[in-house]
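This report refers to the structure that appears directly beneath it.
The values are calculated or read from the model by the stated rules, or taken from the named source; none is laboratory data. Quick caveat: nothing in here was measured; it's all calculated off a predicted structure. Neighbour counts run over all protein chains shown; Cβ positions are idealised from the backbone, glycine included.
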Amino acid sequence: MKKILIIIAAILLGCFAAKAQAVYSCKYKSEAQVKVYVAKYKSDADLVVYRCKYKSDADGNKGLWFFTDYKSDAKKTIYFVDYKSEADIVIYFADYKSEAGWQNKSKQQKMY
């Protein structure tokens with residue numbers, strides 16, 4: 001009975017951990033799942049991103065990102081490109097958590 005409860009608890013914890021939008025910034029474009037360009041203006045972005053201090057603050061695919069130190073801890077690997085034309089998504093870094101979110105929902109599946 002204890003083993004079953006432990007297994008159920010582990011599965012539930014795994015589900016909650018998987019919700020976090022934890023990202024890892026790769027050194028090489030070929031390692032990344034998503035190529036990202038950082039816009040100067042919020043109006044140019046597909047996604048407005050807020051950098052969370054803690055992984056537990058990052059929730060779902062809402063633009064709340066936590067940058068991991070290790071690739072294995074991340075849900076998505078990203079690479080920052082120099083040109084907008086190379087990017088899969090264009091982001092803008094917000095100063096406030098309330099600003100985060102998708103502006104172009106057609107690209108939302110790239111971060112699932």
What's the total number of residues in the stretch 46-69 that are assigned to a loop (DSSP other than H, G, I, E, B), within 10 Å of Ala22 (Cα to Cα) and among the small types (Gly, Ala, Ser)? 2
When restricted to Lys19, Lys71, the only residue at negative phi and at pLDDT below 95 is Lys19
Could you please find all residues in the stretch 54-98 being among the aliphatic types (A, V, I, L, M) and in contact (Cβ under 8 Å) with a residue 40 or more places away in the chain? Leu64, Ala74, Ile78, Val81, Ala87, Ile89, Val90, Ile91, Ala94
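Can you find a residue that is modelled with pLDDT under 95 and surrounded by 13 or more Cβ atoms within 10 Å (Cβ to Cβ) anywhere in the stretch 78-85?
Here is the first cut: in the stretch 78-85, the ones modelled with pLDDT under 95 are none.
No, every residue in the stretch 78-85 fails to be modelled with pLDDT under 95 and surrounded by 13 or more Cβ atoms within 10 Å (Cβ to Cβ).
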Look through the stretch 20-45, keep the residues that are among the hydrophobic types (A, V, I, L, M, F, W, C) and either assigned to a loop (DSSP other than H, G, I, E, B) or surrounded by fewer than 12 Cβ atoms within 10 Å (Cβ to Cβ) (or both), and return whichever of them is farthest from the chain's Cα centre (by Cα). Ala39
Mind checking which residues of the stretch 70-92 are under 11 Å from the mean Cα position of the chain (by Cα) and under 10 Å from Ala22 (Cα atoms)? Ala74, Lys75, Lys76, Thr77
